[in-house]
Amino acid sequence: MNNSVSNTGRLLWAGLRALLVLTLVTGVIYPLAVTGVAQALFHHKANGSEVTYDGKVVGSSLIGQQGYSLDYFQPRPANGLGENSVNTQYKLILSGATNLSADSKALVQQVEDAKAKVVKDNSVPGYTVRPSEVPADAVTSSASGLDPDISPQYADLQVHRVAEKNGLTVAQVQKLVDAHTESRTLGFIGEPRVNVLELNIALKALAAKS
């Protein structure tokens, strides 16, 4: 009986020590080590790829924003996002796609309405956008609804409107777009893209100088 109690006590003590050691290693030391390495080597990415302007954080280069006025470049639609009454800037309660099938009448109508709006908003005196020129990313949301980038084609389509709204030349705005166009990752992954937040920050700075 005494041996049984003694053995049970030793097993419980061994289990408790293992629990304490593993908790310390996996719950304290390892997270601190990973955080330290991330902060030392990848500080910007580890902190959410924050984008600052005028000394203030205005967003993340990884998350798209909605609600830009027509003075700025517009992002992709975000039809798949939920809404709430608290976060009115992003109108975001979850991220996701619309889950509408390709033959959905609702999806077709959304695309047609979006295309008509893109044509209307971006047609200015001396420059008319044709429906056939509107790229797919201008009228459809991404799978997450939070895509921070648009295609160079969509950015180019907006150049004339943005130039007129901000009192800039088309050449000035086009130069901004070209400077913020990123090529495929490693030369073959993904598609060329333009980060909308970073482009709009550069636009605001240019407009302020002019």
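Please treat every number below as a calculation from the coordinates, not as lab data. Keep in mind that this is a model prediction, so the values were computed, not measured. Cβ placement follows ideal geometry from the backbone for every residue including glycine, while neighbour counts extend to all protein chains displayed.
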Membrane-span-like helices (DSSP H runs, Cα span along own axis at least 27 Å, mean Kyte-Doolittle at least -1.0) in the chain -> 2-24
Would you list, by chain and number, the aspartates and glutamates whose Cα falls below 20 Å from the Cα of residue 115, excluding same-chain residues fewer than 8 positions away? 71, 103, 133, 137, 147, 149, 156
Dipole of the chain, positive direction: furthest Cα of 145, 18, 122, with charges on the beta-carbon: 18
Relative to the compact-globule scaling 2.2 N^0.38 Å, provide the ratio for the alpha-carbon radius of gyration of the chain. 1.52
Expressed in nm to one decimal, what extension gain is obtained for the pair residue 60 and residue 5 from 0.36 nm per residue of sequence separation less their Cα-Cα distance? 13.9 nm
So how strong a dipole does segment 101-182 carry about its Cα centre when Lys and Arg Cβ are +1 and Asp and Glu Cβ are -1, to the nearest 20 debye? 340 debye
Relative to the Cα centre, what is the charge dipole magnitude of the chain, using +1 at the beta carbon of each Lys and Arg, -1 at the beta carbon of each Asp and Glu, and rounding to the nearest 20 debye? 520 debye
Starting from a Cα-only point model with no solvent, please compute log10 I(q)/I(0) by Debye for segment 2-43 at q = 0.15, 0.17, 0.19 1/Å. -0.52, -0.57, -0.63
Residue 175: which lysines have alpha carbons under 16 Å from its alpha carbon, excluding same-chain residues fewer than 8 sequence positions away? 204, 209
Fewest-first ordering of 56, 115 by Cβ atoms within 10 Å yields 56, 115
At a Förster distance of 41 Å, what's the computed FRET efficiency of residue 28 paired with residue 184, Cβ-Cβ distance as r, to 0.05? 0.50
